[in-house]
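The values are calculated or read from the model by the stated rules, or taken from the named source; none is laboratory data. Please read these numbers as outputs of a predicted model, since none were measured by experiment. Glycine gets a Cβ as well: all are built from the backbone with ideal geometry, and neighbour counts include every protein chain shown.
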Amino acid sequence: MNEKKKNTNYWDLVITPQAHLLAIDWREMWRYRDMYVLFVLRAFRVSYKQTILGPLWFLITPVLSVIVYVAVFGGIANIPTDGIPPVLFYLLGISVWGYFSSCLSSTSNSFVTNADIYGKVYFPRIIMPLVAVTVNLLSFFIQLAIFFAFYIYYFATGSEVTMHWQVVLFPVYILILAMMAVGFGMMVSSVTTKYRDVQVVFTKIIQLWVYITPVIYPLSMVTNPKLHLLMSINPVTPVIEAIKYSLLGAGEFSWMWLGYSVVMTIVLLVLGLMMFNKVQKSFMDTV
């Protein structure tokens, strides 16, 4: 112990930047697992702190959205739902899209919103995008429970809703959406450390993105071949269609297009990780 005290070059922990842009120190992330849990709990509590209804907003928000969608798109615009009860169709679409967009929005500004924490204490920076995915997953499960409650009701009353065996891949579908959001979000977050207006533009893009995704209407409604192909190129479309097909028996399930979404997810994740690791070395100087 005396030798350690005399040695001024002795440290318990040496923090160095990532040697490679694709490097992830899994052992370090495991050591900081307690901090990860604390961040998840903090984010979940902050989301309904100082509200009257508290966690009930996780239930109220999708229900109100479904009422509006059924009244506007189903009642006024007469948009079909492939024979599926509108409540189930819109509730599933809103829940899945809401999870993806929330993960994407939270991850895309992780550097800027957590700059104060990053500047005060060290921990693996990639924890924050994973926290966003986890917190949004908790609210997604709550909304999914509402969906299954309605599903049981409609099934018991004789509505034509059918599950296919691909429903066993449901966790895979959600994982694809989560990783896609993380990859894309880390790319945007890396750019916003220097150019803040990118976040404003990206927020508008997310708002418009939903209209080229079969959330408020079925993909089968798009009969124009070129427009149908354009919408299918949207990497979120094949995943949402696969979820609808698996749980409701409607939608277009394609292994080819689902594989395309997986490839796009990997590409976005790799690019996002490279940009994230590159920027995190010096982002405190520019954020």
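Can you pull out every residue in segment 63-108 that is of a type in the set (S, T, N, Q), buried (at least 22 other Cβ atoms within 10 Å of the Cβ) and in a loop (DSSP other than H, G, I, E, B)?
81
What are the pairs with Cβ atoms under 9 angstrom where one residue, in segment 147-159, is closer than 17 Å to residue 243 by Cβ and in contact (Cβ under 8 Å) with a residue 12 or more places away in the chain and the other, located anywhere, is part of a helix (DSSP H, G or I) and not hydrophobic (A, V, I, L, M, F, W, C)? Sequence gap at least six, or different chains.
From residues that are closer than 17 Å to residue 243 by Cβ and in contact (Cβ under 8 Å) with a residue 12 or more places away in the chain, the pairs are 147/62; 147/95.
Return only the number of the condition from (1) modelled with pLDDT of 85 or more; (2) in contact with a helix residue (DSSP H, G or I) (Cβ under 6 Å, 6 or more places away or on another chain) that residue 119 does not satisfy.
Just one mismatch for residue 119, condition (1).
Before we move on, is residue 231 surrounded by 15 or more Cβ atoms within 10 Å (Cβ to Cβ), under 28 Å from residue 83 (Cα atoms), without any contact (Cβ under 8 Å) to a residue 60 or more places away in the chain and not β-branched (Val, Ile, Thr)?
Considered against the rule, which asks whether it is surrounded by 15 or more Cβ atoms within 10 Å (Cβ to Cβ), under 28 Å from residue 83 (Cα atoms), without any contact (Cβ under 8 Å) to a residue 60 or more places away in the chain and not β-branched (Val, Ile, Thr), residue 231 comes out as yes.
Which residue pairs have Cβ atoms closer than 7 Å, lie 6 or more positions apart in sequence or on different chains, and pair a first residue in segment 44-65 that is more than 20 Å from residue 134 (Cα to Cα) with a second residue that is at pLDDT below 70?
Cβ pairs passing all conditions: 60/53.
Conditions (1) free of Cβ contacts under 8 Å to residues at least 24 places away in the same chain; (2) within 18 Å of residue 87 (Cα to Cα); (3) not aliphatic (A, V, I, L, M), marked per residue:
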| site | (1), (2), (3) |
| --- | --- |
| 182 | no, no, no |
| 187 | no, no, no |
| 192 | no, no, yes |
| 208 | yes, no, no |
| 227 | yes, no, no |
| 238 | yes, no, yes |
| 241 | no, yes, yes |
| 247 | no, yes, no |
| 251 | no, yes, yes |
